[in-house]
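The values are calculated or read from the model by the stated rules, or taken from the named source; none is laboratory data. Every value quoted in this text rests on a predicted model; they were computed, and no experiment measured them. Neighbour counts run over all protein chains shown; Cβ positions are idealised from the backbone, glycine included.
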Amino acid sequence: MTTITLRDGNALYVREIGKGKPVLVLHGFGMDSSHWLPSLIPLAGKHRFIIPDLRGFGKSHSVRHNNPCVLTNYAEDIQDILDHYQRPMPLVGLSLGAFAAMQYHRLFGFDRITRYMNIDQAPHVLPETDWHWGLFGKQGLGRLSEMRQLLTDLRQYGEHFPYAELPLTLRHAMWHSLGDFIASALTRQYQKRLVRRVCRHENIITRLFPIDNWFAYVTCIAAYLERDYDMRPYLSSIDIPVTVVAGYRSEMYPWEGQVFMHSQIKSSKLETFRNSGHVPMLDEPIHFLRTLGSFLKEG
C-alpha cells in the first residue's frame, strides 16, 4: 500500500501487489482496488500491479472531485501516478476506469503507455439515432431519463450536505437506483436479485459503500449523462497494441460497441467473452486470467 500526492495536494490510495514490471490497473464505478485481487494475484509472481482507488471510491473515498469534468480529473490523476513511477507501463481499465484511460489518451496521448486493455466500455455513452451501443443499449433512453430526475433531486443539496440529513425517501431512491445500476453489470439472475435486495436495506448498503463523500457517486453518474463524452474521433490515433474485451451478454454496454472500437484501432484485437456480462473476470475468471496473461506476456 502506498499513497501518491496528486497535483491538487490530495493523497490517493494505491495498492501494489506482485513483483516485476509495473502494470497500472483501473477499477470501475462502485468498485475499488480490492475487487481486482482475485484476477491479479495468480499473475503477481511476474508482474507488479499498481491499483489505485480512484477518487471518490474505496480508501480514496474522501478525495473529492475538483474539476468540472470528472473524466479529466481521473485523467490527471493517471498522469500523476505515471509521474510518480517514472516509467512506461501497460494500462488495464474496466468500465469507468477504461473511460478514464480513453480520456487520458485524448488529453495526453499514450506515449507513456506500452499497451492498453479496454474492458467492456463503449467509446460513447449516450444513445443517438446512429449509435445504439451506449449505456443500457436499447433501454438507454428510458433508464437514463429516470436517472436524470433522481440526480436533479439529489444535487439540490450540494456536495457538503450531510448524508444523514438527506430526506429518507431520497436516500432510499438513491440506493434503489444504484442497485439497479450495479445489477446491470451482473449476468446471473441470483446476483441481480441479491444486489437489489442489499440496496434496499440502508443499514447494510452503507457499510459496503462509504457515505462521507456520498456526492461522489452523484458526480460520476451526472458526468456520464450530461457531458456527452465521445471518444470515437480519437480511436484511430491510438498507435499502441490494444486488447478490446467485450462481454457478449453485457446489459451495460452492447458488445457491438466494442466491435466498433476494434474496427477503429489499428493495432487491436478483440476478445469476446460469450458467457459474460459487464464484468468478465467475475463470469469467466479462467478465460479472463488467460486473456490478461497473454496481454501482459506480449508486452
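Residue-wise test of (1) touching a strand residue (DSSP E or B) at 6+ places or on another chain (Cβ under 9 Å); (2) of a type in the set (A, V, I, L, M, F, W, C); (3) not in a helix (DSSP H, G or I).
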site	(1), (2), (3)
216	no, yes, no
224	no, no, no
228	yes, no, yes
234	no, no, no
245	yes, yes, yes
252	no, yes, yes
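I'd like the residue in segment 260-288 that is over 24 Å from residue 240 (Cα atoms) and acidic (Asp, Glu) and, out of all such residues, is surrounded by the fewest Cβ atoms within 10 Å (Cβ to Cβ). Within segment 260-288, the match that is surrounded by the fewest Cβ atoms within 10 Å (Cβ to Cβ) is 284. If the condition is being over 19 Å from residue 143 (Cα atoms), within 21 Å of the chain's Cα centre (by Cα), surrounded by 14 or more Cβ atoms within 10 Å (Cβ to Cβ) and hydrophobic (A, V, I, L, M, F, W, C), then segment 171-211 contributes 205, 209, 211. Would you check which residues across segment 47-76 are crowded, with 19+ Cβ neighbours inside 10 Å and of a type in the set (Ser, Thr, Tyr) and list them? The answer is 60, 74.
Just give me the residues in segment 124-170 being crowded, with 16+ Cβ neighbours inside 10 Å and hydrophobic (A, V, I, L, M, F, W, C), in sequence order. Scanning segment 124-170 gives 125, 126, 131, 133, 135, 136, 144, 147, 150, 151, 154, 166.
Determine whether segment 94-116 contains at least one residue that is over 30 Å from residue 11 (Cβ atoms) and among the acidic types (Asp, Glu). Give the derivation first.
Taking segment 94-116 first, the residues over 30 Å from residue 11 (Cβ atoms) are none.
No, segment 94-116 contains no residue that is over 30 Å from residue 11 (Cβ atoms) and among the acidic types (Asp, Glu).
Matching residues to (1) within 21 Å of the chain's Cα centre (by Cα); (2) modelled with pLDDT of 95 or more:
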position: 97; (1), (2): yes, yes
position: 104; (1), (2): yes, yes
position: 109; (1), (2): yes, yes
position: 120; (1), (2): yes, yes
position: 125; (1), (2): yes, no
position: 149; (1), (2): no, no
position: 163; (1), (2): no, yes
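For residue 239, the test of being touching a residue at least 40 places away in the same chain (Cβ under 8 Å) and at positive phi is failed.
If you take the residues in segment 167-187 that are part of a loop (DSSP other than H, G, I, E, B) and in contact (Cβ under 8 Å) with a residue 40 or more places away in the chain, which one is nearest to residue 201 (Cα to Cα)? The selected residue is 186. Here segment 88-113 is the region considered, the condition is being more than 24 Å from residue 272 (Cβ to Cβ) and of a type outside the set (D, E, K, R), and the residue that is surrounded by the most Cβ atoms within 10 Å (Cβ to Cβ) is 104. The C-beta contact set for segment 71-96 (first residue farther than 22 Å from residue 243 by Cα and outside the structural domain of residue 56 (by TED's automatic domain parsing), second residue surrounded by fewer than 18 Cβ atoms within 10 Å (Cβ to Cβ) and of a type in the set (Val, Ile, Thr), distance under 7 angstrom, 6+ apart or interchain) is empty.
Do we have residue 295 as modelled with pLDDT of 95 or more, surrounded by 22 or more Cβ atoms within 10 Å (Cβ to Cβ) and of a type in the set (Phe, Trp, Tyr) here?
Working: modelled with pLDDT of 95 or more: yes; surrounded by 22 or more Cβ atoms within 10 Å (Cβ to Cβ): no; of a type in the set (Phe, Trp, Tyr): yes.
So residue 295 does not fit the description; no.
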